[in-house]
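Peer 1: Sending over a structure as structure tokens; questions will come in a sec.
Read the figures in this text as sums done on the coordinates, not as results from a lab. Source: prediction; values computed, not measured. Neighbour counts are summed over all protein chains in view; Cβ atoms, including those assigned to glycine, are modelled from backbone coordinates with ideal geometry.
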Amino acid sequence: MIIVASWNVRGLNAIGHQHAVGQFVREKGVQFLGLLETRVRVGNVQSVRSRLLPGWSWFDDYSGPGGRIWLAWNAMEIGVVLRVEAQLIHCALLNKRTSTKCLISVVYGDCEAVRRRPLWESLLSISEDSVDDPWCVLGDFNAIVDPSESCGRVVEPTSAMAEFSDFITDAALVHLPFQGCPYTWHNCSEGIRSLWRRLDRVLVNEAWLLKWPRTSYLSALPSTSDHSPIVLRSDECRPIKGIFRFDNFLTKTGFP
């Protein structure tokens, strides 16, 4: 299993934020990374990336302000196919050494419930084509499924929660177990204004669990951001140095 992670970094212009991301990647052995809310202007992209993860390959989504979604991968280890949708980038990953393939969707949901509906629709469409392939959806959904995923204020059930929960059911996705922080976002306030929520998570389909039944994820300490980074982990998974290449045939219709 490829070590996949995502992090809403709340800006990557500061050197401290760049160092925190690099340290996280090294410590967790991350091979494929989704970075959200980078806030990096197009003209500064190359200089930031060269300092952040030298030698890695990149793909970004600048259809939204400030580069909403960046993907980074070690090109010597991982082959990546990219398809951009609203609020997500969908990837097909192929391990060339073992011929194992999986699907990864990196998500950055809109803050407004009504504008998240196209995200649920896009993911539902992907789910229909992904029944037989291991598929993982991770990132900052900007949504919770019920009031228990919020702490610090009294929260009542809402239609937005119901829509998120219904999407998960309709897409035949399940929540992976996790270790670490139960709430992945904090509003950086204190006292009665303090609010914690579980906005970042990992969802997988049945085919993923059949392939890697012991998968879980770590919700790490937020560090330089108001969001926790999340990283997949598995008892079956041990980082192995091998050579995986991006091949043009992966971009052809029909893969995976």
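Peer 1: Taking only the C-alpha atoms, wrap a convex hull around region 179-241 and report its volume per residue in Å³ as a whole number. It would help to have the intermediate numbers written out before the result.
Peer 2: Working: hull volume 6.3 nm³, N = 63.
That works out to 101 Å³ per residue.
Peer 1: Right, another one. With θ taken as phi - 60° and the coefficients 6.51, -1.76 and 1.60, list the Karplus ³J(HN,Hα) couplings across region 80-86 in order, rounded to whole Hz; mark glycine and proline as x.
Peer 2: Here the 3J(HN,Hα) series is 10, 10, 10, 9, 9, 10, 4 Hz.
Peer 1: So, one more: Where does the charge balance sit around Ser219 when Lys and Arg score +1, Asp and Glu -1, over other residues with C-beta under 14 Å from its C-beta?
Peer 2: Details: positive: Lys28, Arg197, Arg198, Arg201, Arg233; negative: Asp140, Glu149, Asp200, Asp226.
Net local charge, Ser219 excluded: +1.
Peer 1: Moving on to the next point. Along its principal axes, what span do the Cα atoms of the chain show, with the longest given first and each in whole Å?
Peer 2: 52, 41, 35
Peer 1: Any idea which of His17, Ile104, Thr215 is furthest toward the positive side of the dipole for the chain, if Lys and Arg beta-carbons carry +1 and Asp and Glu beta-carbons -1?
Peer 2: Checking the options against the dipole of the chain, the answer is His17.
Peer 1: Do the sum for the chain: with -39,500 (n - 2.57) for every DSSP H run of n ≥ 4, divided by all residues, what is the mean residue ellipticity at 222 nm, to the nearest 500 deg cm²/dmol?
Peer 2: Per the formula, -6500 deg cm²/dmol.
Peer 1: Here's something else I'd like to know. Name the residues whose placed amide hydrogens come within less than 5 Å of the amide hydrogen of Leu199, ignoring near sequence neighbours (fewer than 5 apart) on the same chain.
Peer 2: Counting only residues 5 or more places away or on other chains, the set is Thr184, Trp185.
Peer 1: Rank-order 13-20, 221-228, 188-195 by packing density, defined as the average count of other C-beta atoms within 10 Å over each peptide's residues, highest first. Don't skip to the answer; put the middle values down first.
Peer 2: Details: 13-20: 14.8, 221-228: 18.6, 188-195: 10.1.
Highest-to-lowest ranking by the protection proxy: 221-228, 13-20, 188-195.
Peer 1: Here is a further query. Report relative contact order for region 4-248 in percent, whole number only (criteria: Cα-Cα under 8 Å, sequence separation at least 6). Write down the numbers at each step before the final one.
Peer 2: Details: 514 pairs, mean separation 50.4, N = 245.
That works out to 21 percent.
Peer 1: Which percent, nearest 5, of DSSP beta bridges in the chain are antiparallel?
Peer 2: On the way: 45 of 59 bridges.
Of all bridge pairs located within the chain, approximately 75 percent are antiparallel.
Peer 1: Just add up the charged neighbours of Asp166: K/R +1, D/E -1, any other residue whose Cβ is under 13 Å from the Cβ of Asp166. Could the numbers behind the result be given before it?
Peer 2: Numbers: positive: Arg116, Arg117; negative: Glu121, Asp146, Glu163, Asp170.
It works out to a net charge of -2.
Peer 1: I'd like the projected area of region 1-152, averaged over all directions, using the convex hull of its alpha carbons. Report it in nm² with one decimal.
Peer 2: Working: hull surface 41.2 nm².
In nm², the orientation-averaged hull projection of region 1-152 is 10.3.
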